[in-house]
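These notes are about the structure you will find just below.
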Amino acid sequence: MTTHYLVLSALLFAIGGIGVLVRRNAIVVFMCVELMLNACNLAFVTFARQHGNLDGQLIAFFVMVVAAAEVVIGLAIIVMIFRTRRSASVDDANLLKY
Amino acid sequence: MQSPAEIDLHSGGVIGLSWLMIALPLLGAAVLMLGGRRTDRWGHLLGVLMSLGAFAVAAASFVELLGMSPAERRREVGLYEFIPGMADLGLLIDPLSISFALLITGVGSLIHIYSIGYMSHDHDRRRFFSYLNLFVAAMLLLVLSDNYLGLFVGWEGVGLASYLLIGFWQFKPSAATAAQKAFIVNRVGDFGLLIGIFTIWTTFGSLGFREIFSQDPGTASSGTMTAIGLLLLVGACGKSAQLPLQSWLLDAMEGPTPVSALIHAATMVTAGVYLVVRSGFFFEASATAQLVVTIVGVATLLAGAIIGCAKDDIKKGLAGSTMSQIGYMMLGAGLGPAGYAFAIGHLITHGFFKANMFLGAGSVMHAMNDEVDMRRYGGLFSVMKITAVTFVIGYLAIIGFPLLSGYFTKDGIIETAMHHNQILGWLAVAGAGLTGFYMSRMVFMTFFGKKRWADDAHPHESPAVMTWPLIILAIGSIGLGAFLVLGNRFMTFLAPAVGLPQELPEFHFVSTPGLATLALVAVGAAFAWFRYGAAEVPVLAPRGSFLTAFARRDLYGDALNEALLMRPGQWLTRIAVFFDNRGVDGLVNGLAAGIGGTSGRLRRVQTGYVRSYALSILFGAAAVVGALLYVGNM
C-alpha cells in the first residue's frame, strides 16, 4: 500500500542526488538538496503511517526546521559568493584545496 | 701496617689544622682566578705566600709528628663523612704523607719564588700562579688523603693542573697539543686506577686506608690481589710516565720551565711511586704484581736513559732523565718494604736535584732568549757562575758522585734490587752508566767547550729571586741523601707507614754493585767528555747511527701508539660515522621521506570541487548501506 510512496520518495531522492552531482549553479544544487531532504521527509511520513506511530512524523518536522535554517545560511553564503566572484557556479568556488 | 686500636689516632694540635695545607693554596688559586686582572699586581706574591703558608703548616705538623712515639705517628684528621663507614673524607698524617707534603710545599715554594723572576715578562703571570697554587692544593690532597676516593680526586686535580700548565702558552699549537696529549694518555692510566679502586671497594667494602689495611690480605684471593695491583700500576704508569704510557712526558716540556721542574720532575710524576708504596698491602700479597712493577721500572729507567742520550733539547734531555729516575723509584717500590724507603728517599732527593737542574735549565734559557738547543750553548760557565755551579752539583748528585744525595739513594735501590734479582740489579747498574753519559753530555754541551751561541745571544746571570732557589736546592742535593740513608734514618722514620723489612740493610761504601756503578758512570762521563767536551760539537745535529735516530724518536713510542691505537681508532670512528650516517640516519630519513611522499600524493584528493566531494560521499553512503545490507542478510 505504501510502496508507491516509497518509490516516489526514492525517485525524488535520486533526482535530487543527480542534480547535486551534475548541476553547476549553486542555487540549483541547493534546490536539489532540498528535494533530497523532502524525499526523506516523505519516506519518514510513509513509514510512520505504515507502523502506526508518530516518530517518523516528528522527525519530518525536525528535518523541516533544519532545512529552513540551512536555507537561511546557505542562501546568504551563495549571495556573498556571487557578490565577490560574480558567479554562482560551485566549480568556480574551488579555492579551498591542497 | 700497624694501627693499634687502643691509641687515639685522632688528633688536635697543629696536625688537627693540617687541612690548612690544602685550603691555603686552594684559596690562593680561587682568589687569583676569580679576582682576574685586578689581582695582577700582587697575585704572584699571594701565590708564594699561600705556598709558604702550606709549607709552614707542613713543617709544624712534621715537628709535632716527630715529638710522638713511632707507634703514634699515624694521625687521622676527619673532615667530612661522605658515605659513613666506607668513604669518609679525611686526612692521614703519617711519615709517608708528611714526607711528601714537605717535598711538595718546600720545593713547591722555592719554585713559586723562582717563577716570580722567570715569568716576570709574561703578562699572564697571575694566571700562572693560580694554576701553580691549584696544583699544590691538589697534590697535597692526593698524598694526605686517608682514602682512595680523596686520593683519586687529588689525582685528577693534579692532572687538570698539569694540563692547564703544559698548555699555559696555548697560543703555541705545539703546547696545546702537548697538553691534550698529556691529558689523554693520563686518562688511560686513570681508567686503570678507577677500575682498581672499584675492585678494592667490592673486595674490601671500604676505601679508607685504615679499614682496608687492617684486614687480613688472605681474605681476598691472590688473583684479586694481583688484579688490584696491576690496575693500580696502570694508574701509576700513566701519572709517572712509565712504559707503556710514557709518551706524554717529553711533550709536556712545552710548558714553562718552572712547571717542568715542579710538576714534571719533582712532584706530580712521582705520584705513581707514592701510589705503589701506599698500596704496598696489595703488592706485598702478590709476587706477580711486584715483579711487573720492577720490570716496568727497569724497562723505563733504561728507555728514559737511552732517550736522554740523544736529545739536543736541554729540557727533553732532562725529561728523559726524569723518566729514567722514576723508573729507579718504581723498581724500588716493587721490591717490598726493603725498597720503599730507598724509593721514597730517591724520590725526595731527586725532587731536589732534578728541580735544581730544571730551574738551572730555565735560568740558562732565560739568559739565552729561550733557546733550548744545547748545540747553541757552550761555554756558559764563565757568564753564569751560580747557575752553572748549582747545575753541576745537581749533575753530580744524579750520576751518583760519591757522598752526594743521589749516590746514597740510587745505590740503595740498586743494591736492594741486586739482592732481590741479579738481572734487575745489573740492568739498573747499566742504567746508571747511561745516566753518567747523558748527564755529562748535557753539562759539557751547556757550560763547557766552545761558545756556539746565536748571534743575538747575550747571556747574563739570572736575578737573585731565581738564583737563591737554585742555591737552596743545590744544598739539598748535596746533603739530603746522606742524611736520609745513613743509619737507616729514613727507613725507621717511614716504618709506621710502610713497615720494615726483616733485616735492616747496612749501607756499604764499598760493594760490588756500588763499585761497578761508579766505574760505569766514570766510563760514561769520560766517553761524554771525548765526544762533547774535548771534541768540537757541531751546531747542526749529525745524522747519527740508527741507534741515535731510535733514541731521538723517543724509541718510536709515538709511532707505536699511532700505528697501534690512533689509526685503528680513526678507522673505528670512520666506521661508526658511516654506520650513523647511512644506517641510523638512513632509516630515520627514509621513513620521513616515505611518509612525506605518500602524503604529498594523497593530498591531491582534495581538489576543491564540491561536487567531487559529493560524489565521494555518495559512494561512501552506498558502501555503508551495502555493508549494512550484507551484514543484515547474514
- prompt: Out of all the residues in the stretch A:61-69, is one or more farther than 26 Å from A:ALA93 by Cβ, aromatic (Phe, Trp, Tyr) and in contact (Cβ under 8 Å) with a residue 40 or more places away in the chain?
  reply: no
Those residues of the stretch B:237-265 which are of a type in the set (A, V, I, L, M) and part of a helix (DSSP H, G or I) amount to B:LEU249, B:LEU250, B:ALA252, B:MET253, B:VAL259, B:ALA261, B:LEU262, B:ILE263, B:ALA265
All conditions in (1) out of contact with any Phe, Trp or Tyr (no Cβ under 9 Å at 6 or more places or on another chain); (2) surrounded by 19 or more Cβ atoms within 10 Å (Cβ to Cβ); (3) at pLDDT 85 or above are true of B:PRO95 except (1)
Item to complete: Report yes if A:LEU96 is within 13 Å of chain B (Cβ to nearest Cβ), more than 18 Å from the chain's Cα centre (by Cα) and without any contact (Cβ under 8 Å) to a residue 24 or more places away in the chain, otherwise no.
Response: yes
The lone condition B:VAL610 fails out of (1) facing another protein chain (nearest Cβ under 10 Å); (2) modelled with pLDDT of 90 or more is (2)
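For every residue, the table says whether it meets (1) surrounded by 15 or more Cβ atoms within 10 Å (Cβ to Cβ); (2) within 14 Å of another protein chain (Cβ to nearest Cβ); (3) touching a helix residue (DSSP H, G or I) at 6+ places or on another chain (Cβ under 6 Å).
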residue: A:HIS4; (1), (2), (3): no, no, no
residue: A:GLY16; (1), (2), (3): yes, yes, yes
residue: A:ARG23; (1), (2), (3): yes, yes, yes
residue: A:VAL45; (1), (2), (3): yes, no, yes
Flagged in the stretch B:468-503 as under 26 Å from B:GLU64 (Cβ atoms) and in a loop (DSSP other than H, G, I, E, B), in numbering order, are B:GLY499, B:LEU500
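Per-residue answers, yes or no, for (1) in contact with a strand residue (DSSP E or B) (Cβ under 7 Å, 6 or more places away or on another chain); (2) within 15 Å of B:LEU140 (Cα to Cα); (3) assigned to a helix (DSSP H, G or I); (4) modelled with pLDDT of 85 or more:
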site: B:ALA59; (1), (2), (3), (4): no, yes, yes, yes
site: B:VAL63; (1), (2), (3), (4): no, no, yes, yes
site: B:MET68; (1), (2), (3), (4): no, no, no, no
site: B:ALA71; (1), (2), (3), (4): no, no, yes, no
site: B:VAL77; (1), (2), (3), (4): yes, yes, no, no
site: B:TYR80; (1), (2), (3), (4): yes, no, no, no
site: B:GLY85; (1), (2), (3), (4): no, no, no, no
site: B:LEU89; (1), (2), (3), (4): yes, yes, no, no
Of the candidates B:PHE128, B:PHE135, the one satisfying the condition of being touching a residue at least 40 places away in the same chain (Cβ under 8 Å), out of contact with any helix residue (DSSP H, G or I) (no Cβ under 6 Å at 6 or more places or on another chain), surrounded by 19 or more Cβ atoms within 10 Å (Cβ to Cβ) and hydrophobic (A, V, I, L, M, F, W, C) is B:PHE128
Within the stretch B:138-175, residues more than 19 Å from B:SER51 (Cβ to Cβ) and outside any helix (DSSP H, G or I) come out as B:SER145, B:ASP146, B:ASN147, B:GLY167, B:TRP169, B:GLN170, B:PHE171, B:LYS172
Okay, helices (runs of 4 or more DSSP H) sitting entirely in the stretch B:266-311 with 1 or more residues that are touching a Lys or Arg at 6+ places or on another chain (Cβ under 7 Å) and modelled with pLDDT of 90 or more, I get B:271-278
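Rundown of residues vs (1) in contact with a Gly (Cβ under 8 Å, 6 or more places away or on another chain); (2) surrounded by 14 or more Cβ atoms within 10 Å (Cβ to Cβ); (3) assigned to a loop (DSSP other than H, G, I, E, B); (4) within 14 Å of chain B (Cβ to nearest Cβ), yes/no style:
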| residue | (1), (2), (3), (4) |
| --- | --- |
| A:GLU34 | yes, yes, no, no |
| A:ALA48 | yes, yes, no, no |
| A:LEU58 | no, no, no, no |
| A:VAL63 | no, yes, no, no |
| A:ALA67 | no, yes, no, no |
| A:ALA76 | no, no, no, no |
| A:SER87 | no, yes, yes, yes |
*asked:* Could you go through the stretch B:397-407 and let me know if any residue there is closer than 30 Å to B:GLY339 by Cα, of a type in the set (S, T, N, Q), assigned by TED's automatic domain parsing to the domain that holds B:ILE472 and more than 28 Å from the chain's Cα centre (by Cα).
replied: no
ask   = Got at least one residue in the stretch B:362-378 being in the same structural domain as B:ALA482 (by TED's automatic domain parsing), out of contact with any strand residue (DSSP E or B) (no Cβ under 9 Å at 6 or more places or on another chain), of a type in the set (Gly, Ala, Ser) and surrounded by 24 or more Cβ atoms within 10 Å (Cβ to Cβ)?
value = yes
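The values are calculated or read from the model by the stated rules, or taken from the named source; none is laboratory data. Since this is a predicted model, take the numbers as computed values, not measurements. Here Cβ is always computed from backbone atoms with ideal geometry, including for glycine, and neighbour counts include all displayed protein chains.
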